[in-house]
Each structure stands twice: as structure tokens, then as C-alpha cells.
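Here, each number is a calculation from the coordinates, and none is a lab measurement. Note that the structure is predicted; figures quoted are calculated from it, not measured. For neighbour counting, all protein chains shown are included, and Cβ atoms are generated from backbone atoms with ideal geometry for every residue, glycine included.
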Amino acid sequence: MTLLRKSDRPLLIAHPRPDGDAIGSTLALRLALVAVGKHPLVACVDPLPANLAYLPGADSFLQEVPEDVDIDLVVAIDMSDLKRTGGIYRESWRERYPLLVIDHHETNAAFGDVNLILPHAAATAMPMTDVIVGLGVAAQDEIATCLLVGLLTDTRGLRTETTTPEVLRAVGELIESGGDYHGVMQRTLDFVPYRTMRAWGVALDRLRLEDSMAWTTLSRSLKEELQIDDHYDLDLGNLLSRVAEAQVTAAFIEMRDGTIKVSMRSRPGYNVATVADALGGGGHKAAAGCTVDGPLETAVNRVLNLLREVVREPVDPVTSVP
Ligand code: AMP
Ligand code: MN
Ligand code: MN
């Protein structure tokens, strides 16, 4: 908090293929900093998806930040390592500006000079609320809406195991403080572009189920046909997570450079974060991801082999509760 209080021009960075928590938490902090007279910049290498573009401040995101930008602090938000800034962070900044990390990933190695990491929190929006209140700003109105976006997206509409009474109380308080809960439901959660819905159709048509694992793939050529860009997060991982017969699920999406983005989910008692971590990615027990080398078929075999182990050895359901 001291770092933020001392700073006048902090740079807030959200991760690539940004989700509601990364964008909602970043924009909430931006609004709070503006409210106390500071001049924050916000950055994300990828454009915002349509279901987040309506948020206050959404149009202020920079996709590129020059190395000699006039800043005095860097804040990494909702990410477990510096690679996840997508190249926005420059190594030369290391000795020039302090680095503050605000996050909730269990795989976060506390890579900042100061780290506000709540590893079991449902979303970065939870520690972010504390940060904002700590700055002396009320988490109300537009700020409350941005924080709700983080909580409602990372909990998939309050249905994940991380949805504790504390989270439900936080959501209730944010609504009482003027946060637009139904607006977020309509404009973010129930807002799937036609192109995405069609891509889901193609991906679901290719859905496989074996040994309590459900998975699907989307190749470069199919994505081109469907006009789906790389920076576009299809949210396929969350869709697959609902397959009744599956304990773990994986969506494999081929990128233009031939790498494969893997999006994994698991039911309570199973931990996919270890697999993501082993493959250079990160995440949570129930939702984790990584990017691995292609071709698609090799990536599928490699990841399914690891997931088979996960299914074979469930973690203690008691200790798995985040
Ligand atoms: P996704 O499947 O992309 O929705 O991501 C699920 C979770 O894993 C999120 O908490 C992400 O932040 C995390 N995650 C996804 N991909 C990566 C990656 N390449 N490196 C680190 N964490 C990741
Ligand atoms: Mn995220
Ligand atoms: Mn998050």
C-alpha cells in the first residue's frame, strides 16, 4: 500500500487474453487511483473482449508501452509470473521502478518487491478490494461494478468451490454499494459473441471422453475458418468443465505460431495446477493453463498422459478446499 501511496504514475498491467478478473481488478484500481489524484496507466498486450469493453476506463488500455515511459511503479495484476505481462514488462525497469504484485494464484512465486497474494481467494478482486479500501477509497459504484466483474467471472457466476460465504458477503456489499450485478451478468457473463458460440459448436462436435477426461481441440485452420483470432479467449475451458462424466477437462487451442494453449479444469478433489506448473504455466487446483509446443496431437498426448495421473491420484478432498 505504501508503494501505491508514494507513487504518482503507476503502470498497471493485466495478463494477455485478458479475463474479467484481470480487467475488472485493474480498472477498479485505476479508478481508485484517479479518485485520489494519481495518474495511472493501464496496459494489456491484447485487446479487450467484447464482454469487457463496456467497463469504465476500458478504452484507456495501452497495448504497447515504450521502454522510456514516464512511470514510477509497476503493478502486475492477476498473474503468477512476469512472463504473463506478455512482454510489456521490461527487464531494465527492474532497478528503476518497484514492482508490486496483486494476485490470487497458488502458483505465484511472489516475484514482486512487494506481494499482495491471497492464494485461496476466489479472484484478484478480493485482495484488490482491500487495496482500494486501504487507499481510503470506497469500493462503490463503478469501482464496485469492476470488482464484481472479477468475482463473478473467476467464480463462473458464483459456482466454483472458491465461492465461500466471504465471497458471497463481498458480492452483497458491492451490490449494496452501487455495483451493477445484473448488468455484469447481462453484459459480461451472458454475452457470448455469435462467432464464439459457433466456435463452441465446432469444438463441442469434436469433444472426446475417456477415463474421466473430456477434451477437445481447435486447430489453426478451423480457427481461421471461424475467424477466431489468437488473442481471443474462447472460454472453452469453462464450457468443458461442465461435462458430467469428467473429473478433469482440457481444451487445446492451436495458435498461429504453432504453439498450443491448454486450458484445464477439474472437479473438487483433483488438482490440475500441478500439470500446468510442470508445463511452464500456472493457475489454481480447479482451473489452470499453459502454452506448450505443437503439433496439436503431440500436445494432446503429452497433457492427457499427465492428466491421467491426476485422475488416478485424487488429492485429499478436505485439503483441496481452497
Ligand atoms: P484459462 O484456462 O486460460 O482460463 O486459465 C485458467 C487459469 O490458469 C487462470 O487463473 C490463468 O491465469 C492461469 N493460466 C492460464 N494460462 C497460463 C499460463 N500460460 N501461465 C500461467 N498461468 C496461466
Ligand atoms: Mn485471470
Ligand atoms: Mn483471477
(request) Could you state the angle between the C-alpha long axis of helix 141-154 and the longest principal axis of the C-alpha atoms of the chain, as a value from 0 to 90 degrees rounded to the nearest 10? (result) 20 degrees
(message) Give the lysines reachable from residue 223 as a straight Cα distance under 22 Å; neighbours fewer than 8 places away on the same chain don't count.
(response) 261
(message) Let's test the formula: R0 of 35 Å, r as the Cβ-Cβ distance of residue 70 and residue 1. What FRET efficiency results, to the nearest 0.05?
(response) 0.95
(request) Would you work out the charge dipole size for segment 2-189 about its Cα centre, treating the Cβ of every Lys and Arg as +1 and the Cβ of every Asp and Glu as -1, and quote it to the nearest 20 debye? (result) 20 debye
(message) Please report the equivalent ellipsoid semi-axes of the chain, computed as sqrt(5 x eigenvalue) of the Cα gyration tensor, largest first, in whole Å.
(response) 31, 21, 20
(request) Using a 10 angstrom cutoff on alpha carbons, build the Gaussian network for the chain and name the most mobile of 233, 113, 68. (result) 68
(message) Testing the spin-label approximation: label points 7 Å from Cα along Cα→Cβ at residue 63 and residue 109. State their distance in nm.
(response) 3.0 nm
(request) Hey, could you get me the Stokes-Einstein D for segment 1-124, Kirkwood radius over alpha-carbon pairs, 25 °C and 0.890 mPa s, rounded to whole µm² s⁻¹? (result) 171 µm²/s
(request) Please give the net charge around residue 241, taking every other residue with its beta carbon less than 14 angstrom from that of residue 241, where Lys and Arg add +1 and Asp and Glu add -1. (result) +2
(message) Please check: in the Gaussian network model of the chain (C-alpha springs, under 10 Å), which one of 40, 49, 193 has the largest mean-square fluctuation.
(response) 193
(message) As a test of the formula, what do you get for the chain when each DSSP H run with n ≥ 4 contributes -39,500 (n - 2.57) and the sum is divided by the residue count, at 222 nm and rounded to the nearest 500 deg cm²/dmol?
(response) -10000 deg cm²/dmol
(request) Quick one: angle between helix 194-205 and the longest Cα principal axis of the chain, in degrees between 0 and 90, rounded to 10, please. (result) 30 degrees
(request) Using packing as a proxy for protection, rank 272-278, 220-226, 136-142 so that the peptide with the highest average count of other Cβ atoms within 10 Å comes first. (result) 272-278, 136-142, 220-226
(request) Estimate the FRET efficiency between residue 141 and residue 168 by the formula 1/(1 + (r/R0)^6), using the beta-carbon distance for r and 30 Å for R0, to the nearest 0.05. (result) 0.90
(request) Could you work out the mean projected area of the convex hull around the alpha carbons of segment 77-116, in square nanometres to one decimal? (result) 2.6 nm²
(message) Cα atoms only: what Rg and Dmax, in Å, come out for segment 49-186?
(response) 15.7, 45
(request) Taking a cut-off of 24 Å between Cα atoms, list the lysines near residue 38, but don't count ones fewer than 8 places away on the same chain. (result) 6
(message) Between 0 and 90 degrees, rounded to the nearest ten: what's the tilt of helix 125-134 against the longest Cα principal axis of the chain?
(response) 10 degrees
(request) For segment 148-210 and segment 15-40, write down the distance between their C-alpha centroids in whole Å. (result) 19 Å
(request) Starting from the Kirkwood radius over alpha-carbon pairs of segment 194-312, derive D by Stokes-Einstein at 20 °C in a medium of 1.002 mPa s and give it in µm² s⁻¹. (result) 154 µm²/s
(request) Excluding residue 293 itself, calculate the net charge of residues whose Cβ lies under 15 Å from the Cβ of residue 293, where each Lys or Arg counts +1 and each Asp or Glu counts -1. (result) +1
